[in-house]
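Some notes on the structure that comes next.
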Amino acid sequence: MKKIGLFFGSFNPIHIGHLILANYILENSDMDELWFVVSPQNPFKDKKSLLKDHNRLDMVEMAIKNYPKMRASNVEFSLPTPSYTIDTLTYLKEKHAEYSFSLIMGEDNLKSLHKWKNYENLIKNHHIIVYPRVFEGDKKDSEYLQHENISMIEAPVIELSATEIRNMIKNGKNVRPMLPPEVFEYLDGSSFYKS
């Protein structure tokens, strides 16, 4: 059975931190592929700073074109919004019964997992890979880390945020080192995030 890791996010925009993390997880797990699931609307995030779905999907596709084990997924574009992870996983399992799906999430998301729709079902029926994040609060004290379906991976901590990148673009600062080259060129030739 093919093992697929699902990395959900707005990817607004995708940056090198996402790629470093995705590559690390692929190289240090038994996953066959990692899919970047571009979310139309995260129920916990403000939509007004969000680029159109297809623009963010295009950027992911550009960023991963040289990574054969990575895919861009628009599966949530046709599902009801806001997007709930459990609904997307249910849909993917029905559509791809031949695949085994794992969920990839940051340690900060694990702390708020109890706020997610049907989170008990999520933990019970899916493997969750947690990567470290810098965030406020006690580290490594989550009761979820004791669950057999949840494993922590010692991936590098990348302190890069899409919010910071958007703010820098708006303020006319150079973000070239933070973005895959194709994504930088795409944004640099557009008016995205500039106002």
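So, of the residues in the stretch 156-178 that are among the basic types (K, R) and assigned to a helix (DSSP H, G or I), which turns out to be farthest from the chain's Cα centre (by Cα)? Outline the logic, then answer.
Going residue by residue through the stretch 156-178, those that are among the basic types (K, R) are 166, 170, 173, 176.
Pick out the ones that are also assigned to a helix (DSSP H, G or I) and you get 166, 170, 176.
On the way: R166: 17, K170: 23, R176: 21 Å.
Going through the qualifying residues, I end up with K170.
So, of the residues in the stretch 169-193 that are farther than 17 Å from L19 by Cα and among the basic types (K, R), which turns out to be surrounded by the fewest Cβ atoms within 10 Å (Cβ to Cβ)?
K173
Filter the stretch 54-92 down to residues that are in a helix (DSSP H, G or I) and of a type in the set (G, A, S) and give me whichever is farthest from N118 (Cα to Cα).
Applying the first criterion (in a helix (DSSP H, G or I)) to the stretch 54-92 yields 54-63, 75-78, 85-92.
Those still in the list that are of a type in the set (G, A, S) too: 63, 78.
Details: A63: 32, S78: 21 Å.
Across the stretch 54-92, the extreme among qualifying residues is A63.
I'd like to check something: does the stretch 34-45 contain any residue that is out of contact with any Ser or Thr (no Cβ under 6 Å at 6 or more places or on another chain), surrounded by 20 or more Cβ atoms within 10 Å (Cβ to Cβ) and farther than 23 Å from T163 by Cα?
Yes, that holds for at least one residue.
Tell me which residues, restricted to the stretch 79-120, are in contact with a helix residue (DSSP H, G or I) (Cβ under 6 Å, 6 or more places away or on another chain) and polar (S, T, N, Q).
Selection gives S83, T88, N118.
A97: assigned to a strand (DSSP E or B), of a type in the set (A, V, I, L, M) and either open to solvent by less than 80 Å² (accessible area, probe 1.4 Å) or modelled with pLDDT of 95 or more (or both), yes or no?
Working: assigned to a strand (DSSP E or B): no; of a type in the set (A, V, I, L, M): yes; either open to solvent by less than 80 Å² (accessible area, probe 1.4 Å) or modelled with pLDDT of 95 or more (or both): yes.
Considered against the rule, which asks whether it is assigned to a strand (DSSP E or B), of a type in the set (A, V, I, L, M) and either open to solvent by less than 80 Å² (accessible area, probe 1.4 Å) or modelled with pLDDT of 95 or more (or both), A97 comes out as no.
So I123 clears everything in (1) within 16 Å of F8 (Cβ to Cβ); (2) open to solvent by less than 40 Å² (accessible area, probe 1.4 Å); (3) part of a loop (DSSP other than H, G, I, E, B) except one condition, right? Which one?
Every listed condition holds for I123 apart from (3).
List every residue pair whose Cβ atoms sit under 7 Å apart, with the two residues 6 or more apart in sequence or on different chains, where the first one lies in the stretch 74-91 and is polar (S, T, N, Q) and the second, anywhere, is part of a helix (DSSP H, G or I) and modelled with pLDDT of 90 or more.
Note: pairs meeting the criteria are N74/L57; S83/E76; T85/L122; T88/V75; T88/E76.
So, in the stretch 68-109, of the ones that are hydroxyl-bearing (S, T, Y) and over 16 Å from the mean Cα position of the chain (by Cα), which residue ends up nearest to S161 (Cα to Cα)?
Of everything passing the filter in the stretch 68-109, T81 is nearest to S161 (Cα to Cα).
The values are calculated or read from the model by the stated rules, or taken from the named source; none is laboratory data. Note that this is a predicted model, so its numbers are computed, not measured. Note: ideal-geometry Cβ built from the backbone for every residue, glycine included; neighbour counts use all protein chains shown. The accessibility values were calculated without ligands, DNA or RNA, using every heavy atom of the protein model including side chains. Shrake-Rupley method; radii C 1.70, N 1.55, O 1.52, S 1.80 Å.
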